[in-house]
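Taking it in order: structure first as structure tokens, then the write-up.
No value in this document is a laboratory result; all are computed from the given coordinates. Computed from a predicted structure; not experimentally measured. Here Cβ is always computed from backbone atoms with ideal geometry, including for glycine, and neighbour counts include all displayed protein chains.
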Amino acid sequence: MKLENTLVIVADFGELKAYNVKQHEGVVGNDIKISHSLELINDENFIEGRKQISEMLSDNSGQFGHDTLEEHNLKLEIKKRTLKEIAEDIENIVKKIKPKQLFLAFPKEHNRELTNELGSQTKAVLTKNIASNLVKTDKQKILSHFE
């Protein structure tokens with residue numbers, strides 16, 4: 001797998017991590033061995049995306065209520081807003097780094113929604129898209145998910 005000028009982004013509704021793929025060459029016997037590692041270039045937290053609705057709302061007496069239609073709509077609005085913010089962050093990183101290819105991992109439930117939010121320039125370099133949450137995955141193991 002050619003990884004020259006590759007950007008890897010793993011994200012969920014609470015965090016986004018962007019990595020540059022670094023290539024390393026070494027000699028083993030008479031052979032040249034090539035390996036790759038990830039260099040963290042961006043780590044964003046989306047605090048609002050991590051909060052439960054009950055942490056943001058309470059009734060007049062400070063008691064946390066039941067899920068109402070209004071609270072449900074608020075949950076959806078927060079998800080949409082956070083998804084848009086994640087897409088904008090991805091767009092900005094891609095514009096800044098200008099990779100030849102982008103590998104993206106985002107949870108299955110909202111992967112399609114996120115990719116729909118991405119602009120044509122980002123979609124043009126999006127080579128691999130995995131519907132999985134790899135944010136907490138050890139960075140040494142992330143690339144193996146894209147093979």
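Here is how the numbers come out for the structure above:
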{"read-out": "Two-site FRET efficiency, Ala131 against His24, from Cβ-Cβ distance with R₀ of 30 Å, rounded to 0.05", "value": "0.50"}
{"read-out": "Spacing of the two label points (7 Å from each Cα toward its C-beta) at Asp31 and Lys100, in nm", "value": "2.3"}
{"read-out": "Whichever lysines have a C-alpha closer than 21 Å to that of Lys79, once near sequence neighbours (fewer than 8 apart) are set aside", "value": "Lys17, Lys51, Lys108, Lys136"}
